[in-house]
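Inspection log for the structure reproduced underneath, given as structure tokens.
Values in this text are rule-based calculations from the coordinates and carry no lab data. Since this is a predicted model, take the numbers as computed values, not measurements. As a convention, Cβ positions derive from the backbone with ideal geometry for all residues, glycine included, and neighbour counts pool all protein chains shown.
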Amino acid sequence: MFLQWWLYTCYLLQNTLQRFIFNQTMEPWTATTGSNTCSVRRNLMTPENIKTLLHQTQKLMYGLNYEVTLGLEVFDNCTTLDEAAIAIKNSFPSSNINTITPVLVSIEDFWAELTEMFDYRGDDIGVSLKLNERQEIELKAKQNDIKAFVSQYLQKVALIYSYSFLEGISGYPVFWEFAYVIIDGNGSCVFFYGSASD
């Protein structure tokens, strides 16, 4: 019982801290009770190993008639929406990125939409993602790591664009989908996408 409480406390601490935008100067936070230690630190994930985390998260989000696809690409030397579109088209030649007008979204709407999709667990009729307590904690931790990685690119000058009905990328949207381009104002663009299908 104590272990469950401690895991949940660590999860809440990490979740609370990750509501803030992480920056390179953030120092580690540590909570200690007896021999148990829970550390929450700034995200040290790199563009090279984020794909492993996304794959692990996809596996945890596999259920009855429910499958999730997640992807993220970071493009360096990218400062405008046009440059991001060119980079996406080069990575996904079949995409229709040039035929869609993106919508500028606020950081609050971005996080709210992403959290809503990450929290979707099906309709309990023919589609469901049923997780036990341990799996739910593990999934939330991985989702929070993804959010923390993305938050590194969301400084005050960042612009977030949402694309609807984007085709030619991995995944097939049935229950939800997202495709965002983040221009961080520091020379990088992030293409973050995902969808859930049956």
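Between residue 172 and residue 64, with labels modelled 7 Å along Cα→Cβ, what's the label distance in nm to one decimal, could you check? So the two model labels end up 2.1 nm from each other.
Under the rule a/c < 1.5 gives rounded, and otherwise a/b versus b/c splits prolate from oblate, where does region 119-198 land using the Cα gyration tensor? Intermediate values should be presented prior to the final figure.
Details: a/c = 3.30, a/b = 1.48, b/c = 2.23.
Verdict is oblate for region 119-198.
Net charge in the neighbourhood of residue 87 (other residues with Cβ under 11 Å of its Cβ; Lys, Arg +1, Asp, Glu -1) is -3. Length gained on full extension, residue 156 to residue 112, computed as 0.36 nm times the residue gap minus the Cα-Cα distance: 14.1 nm.
Is the shape of region 44-100 best called rounded, prolate or oblate, per the rule: a/c under 1.5 gives rounded, else a/b larger than b/c gives prolate, else oblate, with a ≥ b ≥ c the square roots of the Cα gyration tensor eigenvalues?
oblate
Within the shell defined by Cβ-Cβ distances under 14 Å, the residues around residue 167 carry a net charge of 0, with Lys and Arg each +1 and Asp and Glu each -1.
Taking only C-alpha pairs under 8 Å that are 6+ residues apart, what is the relative contact order of region 46-197 in percent? Contact order relative to length: 37 percent.
With the alpha-carbon atoms of region 46-197 aligned to their principal axes, the span from lowest to highest coordinate is 43, 28, 27 Å, starting with the largest.
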